[in-house]
1. Measuring from the lowest to the highest alpha carbon on each principal axis, how far does the range 84-152 reach, largest first, in angstroms?
2. Let me check the size of the range 22-157 from its C-alpha atoms; what are the radius of gyration and Dmax in Å?
3. How many times 2.2 N^0.38 Å is the alpha carbon radius of gyration of the range 38-91?
4. Treat the count of other C-beta atoms within 10 Å as a stand-in for reagent exposure and order 72, 62 from fewest to most.
5. When the chain is fully extended, how far beyond the present Cα-Cα distance does residue 141 get from residue 115, taking 0.36 nm per residue of separation?
6. Net charge near residue 78, counting Lys/Arg +1 and Asp/Glu -1 over other residues with Cβ under 12 Å of its Cβ?
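What follows draws every value from the coordinates through simple rules; no lab data is involved. Predicted, not measured: the structure shown is a model, and the values here were computed from it. We place every Cβ from the backbone using ideal geometry, glycine too, and count neighbours over all the protein chains shown.
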Amino acid sequence: MTLKLLSLTIAAGLAMSAPVANAAIYNFTQTGYEEGATISGSFEANDLTSNGKIEGSIYSNFSEISAFTVSFSGNSLVSAFTHSLSNLEFLIYNPARSVLGDQGQEVIATNWFGTTGFFYITGVGTGEQGGYVENLDTGLWSHSENLVNVTPAAVPVPGAVWLFGSALAGFIGAARRKKAN
């Protein structure tokens with residue numbers, strides 16, 4: 001009976017801890033703007049089409065991208081600003097790479113077609129291998145020659161794994177006690 005219960009527990013634990021196609025979180029930075037200004041941000045995405053790219057645009061959809069934020073730290077040319085998913089117009093990224101912007105159509109563009117506020121573009125797909133931010137109200141801009149560095153965020157261990165481990169240890173202990181009696 002204990003062996004059957006142990007087998008069921010192992011099967012249930014493995015099922016609970018099996019990988020699920022969840023979105024990954026990616027953090028990104030781009031340095032090299034005038035006066036030491038930087039871009040930083042993150043996006044949560046999942047390659048739903050399994051084509052090796054995270055992609056979304058205002059011309060198709062953003063179904064692969066569930067969250068996005070980008071912030072420019074600001075300098076004397078362009079003041080600090082933050083954009084969110086509602087400002088995103090294009091994002092194409094190959095998650096197998098640690099940089100974005102020098103290959104294929106990789107791109108990040110926020111408020112690119114806007115008429116007020118700020119815009120940010122980076123990547124070959126926008127014609128900017130580096131990055132470019134502009135205050136659309138003043139016409140002042142800031143540029144970087146650097147690529148965007150992208151790092152996946154650490155994935156926390158699911159709670160099911162810890163529960164499975166403690167249940168398994170309990171059943172092994174019970175089996176040893178039964179065997180000793």
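1. 37, 25, 19
2. In order Rg, Dmax, the Cα atoms of the range 22-157 give 14.1, 47 Å.
3. On the way: Rg = 13.0 Å, N = 54, 2.2 N^0.38 = 10.0 Å.
Against the compact-globule rule of thumb, the ratio is 1.30.
4. Numbers: 72 24, 62 17.
Fewest-to-most Cβ neighbours within 10 Å comes out as 62, 72.
5. Working: separation 26, 0.36 × 26 = 9.36 nm, distance 1.44 nm.
Extending this stretch completely gives an extra 7.9 nm.
6. Details: positive: none; negative: 34, 35, 134, 137.
My count for the surroundings of residue 78 gives -4.
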